[in-house]
Amino acid sequence: MTASSPGPVLFLMGPTATGKTDAAVWLAERLPVRVISVDSALVYRGMDIGTAKPVPEVLDRVPHHLVDIREPQAPYSAADFRADALQQIAEADRCGQLPLLVGGTMLYFRALRDGLADLPPADARVRAEIEQLAAAQGWPAVHARLAEVDPETAARLKPTDSQRLQRALEVQISTGVALSQWHRASPGVGLTRPLLQVGLLPTARDWLHARIRDRFQAMLDAGFLEEVRDLHARPELNADLPSMRCVGYRQLWRHLDGEMSLPDAIASAIAATRQLAKRQITWLRSWEGLHGIPVAEPDRPDQVARKVEQLLAG
């Protein structure tokens, strides 16, 4: 690898609970890779158990970059991730390392690969007005208003996707131009170097569902509820923050608010995690240039890692 002809960037993608992190650690202990996290929850400090963040011993042995870089009250966008990831990739090049980007936040992978539109900056006044509308009438009302001015964007967003609904309506109100038009006018510039895109694809839905259920119970046994209770007690945090809307945190927060019993919160969190995995698999099945690896044993990261090694050897 040279400065004029950098080597490939490796994407290791997959739905939650399929063993991506373990496979990345296995690779990092055998190859000169730089592990770069692609996870919208792992960026937050103090959110360790419910995000399945690697334990400190693992992070000491195999550093994971872009982990613990924000406080939970601070925003972190796909644009932030792209800028940070490009910086980490450049650092890997300088150190003669293979950039290994691992995670399940597919939007971040797409932002890095394809680039992002050059959008206007946030408008705090307009954002506050949208938050007031949502507080008074609910996010479905925000969705309905967006559908009036930008039906294309509204059609691809759910009425519960508060963060993206807010941004889309904010852009339209502050500029008079729909977000969909901004994307067409400025599609962004993607990576211009070789990519090896690997996706872990579960072979059986029942197996994955059982894995998700068991892992969530293990999180609870490890103190997940206490972790959320500590976050819940912090005055600067609230249920509408992107960090607190992460799967598992959102449901346990509602329990602590008295809106759900603990058994109902647990059941809701497991169901939401299954839905997240389903969406991630849907992304992967339509991902251009994907090298799919069937997985049924996430406790055998060496099997996945050896297949990735074979793809790298090409």
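Helical runs (DSSP H, four residues minimum) scored at -39500 (n - 2.57) apiece and divided by the length of the chain put the mean residue ellipticity at 222 nm at -16000 deg cm²/dmol. Let me know the shape class of the range 138-179, please: from the alpha-carbon gyration tensor, a ≥ b ≥ c as square roots of the eigenvalues, rounded when a/c is under 1.5, otherwise prolate if a/b is greater than b/c, or oblate. In terms of gyration-tensor shape, prolate. Using 0.36 nm per residue and subtracting the Cα-Cα separation, the extra length available between ALA124 and GLU148 on full extension is 6.4 nm. Note that the range 50-63 has calculated 3J(HN,Hα) couplings of x, 9, 6, 5, x, 5, x, 4, 5, 5, 5, 6, 10, x Hz, one per residue in order, obtained from phi through the Karplus relation 6.51 cos²θ - 1.76 cosθ + 1.60 (θ = phi - 60°); glycine and proline are x. Put a plus charge on the Cβ of each Lys and Arg, a minus charge on the Cβ of each Asp and Glu, and nothing anywhere else: the dipole of the range 1-115 about its Cα centre is then about 240 debye.
Residue ranking by accessible heavy-atom surface, 1.4 Å probe, largest first, among THR192, THR16 comes out as THR192, THR16.
Taking every alpha-carbon pair under 8 Å whose residues sit at least 6 apart, the range 236-314 reaches a relative contact order of 18 percent.
Quote the relative contact order of the chain in percent (integer), defining contacts as alpha-carbon pairs under 8 Å separated by 6+ residues.
Values: 446 pairs, mean separation 83.7, N = 314.
Computed over the chain, the figure is 27 percent.
In order along the range 259-270, phi translates into HN-Hα couplings of 8, 9, 6, 4, x, 5, 5, 5, 4, 5, 5, 5 Hz, rounded to whole numbers, per the Karplus curve 6.51 cos²θ - 1.76 cosθ + 1.60 with θ = phi - 60° and x for Gly and Pro. With a cut-off of 15 Å between beta carbons, the residues surrounding VAL43 carry a summed charge of -1, where Lys and Arg count +1 and Asp and Glu -1. Taking amide H as placed 1.01 Å from N in the peptide plane, GLY199 has its amide H under 5 Å from the amide H of MET13, HIS291, GLY292, ILE293, each at least 5 places away in sequence or on another chain. Along the range 16-30 the Karplus relation, 6.51 cos²θ - 1.76 cosθ + 1.60 evaluated at θ = phi - 60°, assigns HN-Hα couplings of 4, 6, 9, x, 4, 5, 4, 5, 5, 5, 4, 5, 5, 7, 10 Hz to successive residues, with x for each Gly and Pro.
Only four residue types carry charge here, +1 at the Cβ of Lys and Arg and -1 at the Cβ of Asp and Glu. Report the dipole size of the chain about the Cα centre in Debye, rounded to the nearest 20. Don't jump to the answer; show the numbers that get you there.
Details: 36 positive and 38 negative charges, 166 e Å.
It works out to roughly 800 debye.
In terms of the Cα gyration tensor, with a ≥ b ≥ c the square roots of its eigenvalues, is the range 71-179 rounded because a/c is under 1.5, prolate because a/b exceeds b/c, or oblate? Since a/c reaches 1.5 and a/b is larger than b/c, the shape of the range 71-179 is classed as prolate.
Starting from the Cα gyration tensor of the chain, take the square roots of the eigenvalues, sort them a ≥ b ≥ c, and report rounded, prolate or oblate (rounded when a/c is under 1.5, otherwise prolate if a/b is larger than b/c, else oblate).
Numbers: a/c = 1.74, a/b = 1.20, b/c = 1.45.
It comes out oblate by the Cα gyration axes.
About the Cα centre of the range 149-258, what is the dipole size in debye to 20, counting +1 per Lys and Arg Cβ and -1 per Asp and Glu Cβ, all else neutral?
Values: 15 positive and 13 negative charges, 82 e Å.
So the dipole magnitude of the range 149-258 works out to roughly 400 debye.
The heavy atoms of ARG127 present about 70 square angstrom of accessible area, all protein chains included, probe 1.4 Å.
Only Cα pairs under 8 Å and at least 6 apart count here; give the relative contact order of the range 1-68 as a rounded whole percent. Walk me through the numbers on the way to the answer.
Details: 46 pairs, mean separation 20.7, N = 68.
With pairs under 8 Å counted, the relative contact order is 30 percent.
Among ALA74, ALA210, LEU262, whose Cα projects farthest towards the positive end of the dipole of the chain, with charges put on the beta-carbon of Lys, Arg (+1) and Asp, Glu (-1)? Farthest towards the positive end: ALA210.
Lys-Lys pairs in the chain that are eight or more residues apart or on separate chains and whose Cα atoms lie under 19 Å of each other come to 4.
Can you tell me how much longer the chain between ASP264 and ARG215 gets when fully stretched, taken as 0.36 nm per residue apart minus their C-alpha distance, in nm with one decimal? It would help to have the intermediate numbers written out before the result.
Numbers: separation 49, 0.36 × 49 = 17.64 nm, distance 1.71 nm.
Length difference between fully extended and current span is 15.9 nm.
Amide H to amide H distances under 5 Å link LEU98 with VAL33, ARG34, where only residues 5 or more positions off or on other chains count and H is placed in the peptide plane. Of the residues GLY7, CYS95, LEU220, the one whose Cα sits farthest towards the positive end of the charge dipole of the chain is GLY7 (charges of +1 on Lys and Arg Cβ, -1 on Asp and Glu Cβ, taken about the Cα centre).
The values are calculated or read from the model by the stated rules, or taken from the named source; none is laboratory data. Everything quoted here is computed from the prediction, not taken from an experiment. Because the Cβ atoms are built from the backbone with ideal geometry, glycine has one as well, and the counts that use them run over all protein chains shown. In case anyone asks, the SASA skips ligands and DNA or RNA and just uses the protein heavy atoms, side chains included. Shrake-Rupley method; radii C 1.70, N 1.55, O 1.52, S 1.80 Å.
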